[in-house]
Amino acid sequence: MKKIIAMCSLGIITLAAVPSALAYLDPGSGSMILQVLIGGLAAMGIVLKTQWVKLKSFFKKPKE
Amino acid sequence: MVVKNIRLGGSFRERGGSVFSRDDKIYRQVNLGYKQHYDLLMSSGLYNSLINKQWLIVHHEAGLKSPNKESYKIIKPDRIPFISYPYEWAFSQLKDAAILTLSILREALAFGMILKDASAYNIQFIGAKPIFIDTTSFEIYPGKGPWVGYRQFCQHFLAPLALMAYRDERTSKLLQTNIDGIPLDLAARLLPRQAKLKTGLLVHLFLHARLQQNYADKKVARERFAHSVGKDQLFGIIASLEKTVKKLAPPQQKTEWQDYYRGNCNYDDSSFSHKKEIISKFLQQAAPTIVWDLGANTGVFSDLASKLGAVTMAFDIDQRSVEINYRRLSQAGSSLQLPLVMDLTAPSPAIGWNNQERYSLKERGPADTVMALALIHHLAISNNVPLRNIAEFFSTLGRTLIIEFVPKEDTQVQKLLSSREDIFPEYNRTGFEEAFQDYFKIEDIIPVNDSYRVLYLMRKKKSHGKLLFFEDHKNAV
C-alpha cells in the first residue's frame with residue numbers, strides 16, 4: 001500500500017512539474033520522440049556552425 | 001443600454017484567454033489560470049523586445065470590469081485592418097509567417113518563455129507586414145522539455161510550403177479543408193520523391209509522418225520526454241526548421257495572368273494612363289477608408305487607392321500575381337495594401353467548428369469601396385453568372401463601386417467567346433446598366449479613351465436592405 005501511495009505521489013509530482021494546465025494542444029507522441037531523436041544532432045549542428053564561422057573569421061584577412 | 005460581449009470565433013480552444021468584441025472594439029480576456037505566464041511576458045522584457053521589433057501586436061490593459069470569474073485582465077490589442085487566413089496567402093506570405101513564428105519562439109526562449117502553439121492563424125498581415133496577434137500564446141518554459149507546437153508548425157507551415165514548392169502553389173487551398181494544417185502523412189504521400197533528398201524535409205515531414213503513424217496507437221508517458229530535450233536541443237531544432245523553410249522557393253510556373261498588362265490588353269499607353277486617371281478621380285469622389293480591389297492582378301490599380309491612404313485589399317485568383325504583388329509591397333514596406341488569393345466564383349467560406357472559427361469573405365466586410373476592373377466578363381461569360389446576380393453580390397461587399405464594363409467588341413471578351421456559343425444577349429451596356437441600377441445609383445460614367453471599355457462610379461441604394469454584418473453569426477458570451 002505504501003508503495004502505491006509513494007508511486008501515486010511521485011506521479012503527481014512529475015505531472016505537476018509539467019505545465020500542462022493550459023496546454024490545449026496534443027503534442028503527439030511521434031512528434032515528441034522525433035524531437036528527442038534529432039535534438040542532439042541539431043544542437044551539435046549549431047555548435048559546429050559557430051565554430052566554423054569563428055574559424056573562417058580567424059583566417060580571413062582583417063579589413064584595413 | 002445593455003453592452004453585449006460577443007465572443008469571437010477561433011479563440012474557444014484556448015484556456016489562457018479568449019477574444020471578444022464589445023461596442024465594435026476587439027478585446028482579449030486573459031484568464032486567471034494564465035496569470036503567471038502573462039505577468040512574466042510583461043515583466044521579463046519579452047513583450048517590450050517583441051514590440052520594439054514590431055513582431056507582436058501592441059496592446060493596452062483596458063480598464064474594463066471583468067466579465068466573468070475566470071478573468072484576470074482585459075487587454076485591448078491594436079486593431080488589425082483585415083483578418084486574412086493562410087489559405088488566402090501566396091507562398092512568400094506563408095513563408096514569412098513561418099519565419100516570424102520561429103523568430104518569436106527563439107526570442108521567447110531567450111526570456112525563459114516558449115510558444116505553446118504554432119498556429120498560422122496567430123499571424124496576421126498589416127499591409128505586407130506579418131505580425132503575431134496571440135498575446136496569450138506565451139508560456140513559461142521550465143528550462144527543459146520538447147516544443148509542444150512542433151507538430152502544429154510542421155502541419156501549418158512546413159507541409160503546405162513544401163507542397164507549394166514541390167508540386168503546385170494552388171495546393172495551399174488544402175489548408176481550407178484541413179483547419180489544423182495539412183496532415184503530415186497526406187503531405188508525405190503528395191510530395192515527390194526528390195523532396196526526400198532535402199534533409200530538413202526528410203526529417204521534419206517524412207520521418208515525422210512515419211513516427212506519428214508508428215506511435216498513433218501506442219501509449220507513451222509524456223513525462224518521459226520532459227527532461228530529454230534541453231534548451232540547446234530546442235535551439236538546434238528551431239535552426240533546422242528555419243533553414244528548411246528558408247530553402248523552399250516557389251516554383252517558377254508561369255500563369256496567364258502575371259503578364260496581363262504586357263501586350264495582352266486592349267489599351268495603349270495613353271488609354272492605360274487615362275484609365276488610371278479616371279479611377280483616381282472616382283476614388284477621390286468616393287473617399288473610402290477601406291477598398292477591396294477584386295481581380296487586382298499585381299496591384300497596379302490597388303496602388304491608386306493605397307496612395308490615397310485607403311487600407312486596400314488586393315484580391316486575385318492567381319497565386320503568381322499575388323506572390324509578385326506581395327514581394328513588391330514587402331520590399332516597399334507597405335502598411336496599407338494587402339494582396340490575397342481569392343476565387344470570387346467561390347469566395348472563402350466560413351469554416352471550422354460550428355462554421356464560426358474562420359469567417360467567410362462577406363462576413364469580413366463590407367468595404368467602403370469595391371473596385372471591379374476588367375473583371376465583369378470573367379464572371380458573366382466565363383462563369384455564367386447573370387449580371388443581376390453580380391450586381392447583388394457586389395452590393396453586399398461595399399457601399400460604393402468602381403466598375404469597368406468590358407463589351408463584346410473587346411478582344412478579351414472575343415477570346416472568351418471564341419470557343420463557346422454566345423448565350424449572353426443581355427451582355428451589353430444597356431443590359432449592364434439596367435441590372436446594376438436595381439442595386440446601385442450610377443453617379444458617373446466615363447469611357448476609357450481609345451478603347452471600348454467604360455468606367456462607372458456607383459453608389460449602393462439604401463432600399464436594398466442591410467449589409468451582412470458578421471456580428472449576426474457570432475456567439476454571445
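The values are calculated or read from the model by the stated rules, or taken from the named source; none is laboratory data. Note that the structure is a prediction, hence the values are computed from the model and not measured. We place every Cβ from the backbone using ideal geometry, glycine too, and count neighbours over all the protein chains shown. The area values use the complete protein model at the heavy-atom level, side chains included, leaving out ligands, DNA and RNA. Shrake-Rupley method; radii C 1.70, N 1.55, O 1.52, S 1.80 Å.
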ask   = Yes or no: B:ALA239 of a type outside the set (Lys, Arg), in contact (Cβ under 8 Å) with a residue 60 or more places away in the chain and farther than 14 Å from A:SER31 by Cα?
value = no
ask   = Scanning for something among the charged types (D, E, K, R) and surrounded by 18 or more Cβ atoms within 10 Å (Cβ to Cβ), does segment B:377-394 turn up at least one residue?
value = no
ask   = Which ones in segment B:429-462 are more than 17 Å from B:GLY398 (Cα to Cα), among the charged types (D, E, K, R) and crowded, with 20+ Cβ neighbours inside 10 Å?
value = B:ARG453
request  = Go through B:TRP89, B:TRP55 for me and flag whichever is surrounded by fewer than 19 Cβ atoms within 10 Å (Cβ to Cβ), within 19 Å of the chain's Cα centre (by Cα) and farther than 21 Å from B:GLY236 by Cβ.
outcome  = B:TRP55
message = Out of the residues in segment A:31-64 meeting the condition of being at pLDDT 90 or above and not aliphatic (A, V, I, L, M), tell me which one is surrounded by the fewest Cβ atoms within 10 Å (Cβ to Cβ).
response = A:GLY39
note = Per the filter on segment B:126-168, residues of a type outside the set (Lys, Arg) and part of a strand (DSSP E or B) are B:ILE126, B:PRO130, B:ILE131, B:PHE132, B:PHE138, B:GLU139, B:ILE140
task = Among the candidates B:LYS65, B:LYS73, B:LYS116, single out the residue that is open to solvent by 50 Å² or more (accessible area, probe 1.4 Å) and touching a residue at least 24 places away in the same chain (Cβ under 8 Å).
result = B:LYS73
ask   = Only one residue in B:ASP180, B:ASP185, B:ASP232, B:ASP217 is farther than 17 Å from A:SER31 by Cβ, open to solvent by 50 Å² or more (accessible area, probe 1.4 Å) and within 12 Å of chain A (Cβ to nearest Cβ). Which one?
value = B:ASP232
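Residues are listed down the side, and each one gets a yes or a no for (1) over 24 Å from A:LEU41 (Cα atoms); (2) not in a helix (DSSP H, G or I):
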{"site": "B:ARG170", "(1), (2)": "yes, no"}
{"site": "B:LYS173", "(1), (2)": "yes, no"}
{"site": "B:GLN176", "(1), (2)": "yes, no"}
{"site": "B:GLY181", "(1), (2)": "yes, yes"}
{"site": "B:LYS196", "(1), (2)": "no, no"}
{"site": "B:GLY200", "(1), (2)": "no, no"}
{"site": "B:HIS204", "(1), (2)": "no, no"}
Single residue of B:ASN354, B:ASN325 found to be in a helix (DSSP H, G or I) and surrounded by 24 or more Cβ atoms within 10 Å (Cβ to Cβ) = B:ASN325
note = Only one of (1) over 15 Å from B:TYR85 (Cβ atoms); (2) touching a helix residue (DSSP H, G or I) at 6+ places or on another chain (Cβ under 8 Å); (3) among the acidic types (Asp, Glu) does not apply to B:ASP318, and that is (2)
key: Count of segment B:378-421 residues which are outside any helix (DSSP H, G or I), under 14 Å from B:TYR452 (Cα atoms) and in contact with a helix residue (DSSP H, G or I) (Cβ under 6 Å, 6 or more places away or on another chain)   = 2
ask   = Here are B:PHE424, B:PHE470: which of them is open to solvent by 40 Å² or more (accessible area, probe 1.4 Å), at pLDDT below 95 and of a type in the set (Phe, Trp, Tyr)?
value = B:PHE470
request  = Go through B:SER92, B:SER43 for me and flag whichever is free of Cβ contacts under 8 Å to residues at least 12 places away in the same chain and either out of contact with any Ser or Thr (no Cβ under 8 Å at 6 or more places or on another chain) or under 29 Å from B:PRO339 (Cβ atoms) (or both).
outcome  = B:SER43
inquiry  = Restricting to segment B:191-212, name every residue that is open to solvent by 70 Å² or more (accessible area, probe 1.4 Å) and either in contact with a Cys (Cβ under 6 Å, 6 or more places away or on another chain) or more than 7 Å from every other protein chain (Cβ to nearest Cβ) (or both).
reply    = B:ARG193, B:GLN194, B:LYS196, B:LEU197, B:LYS198, B:THR199, B:LEU202, B:ARG210
All positions within segment B:16-69 that are of a type in the set (Lys, Arg) and part of a strand (DSSP E or B) = B:ARG22, B:LYS25, B:ARG28
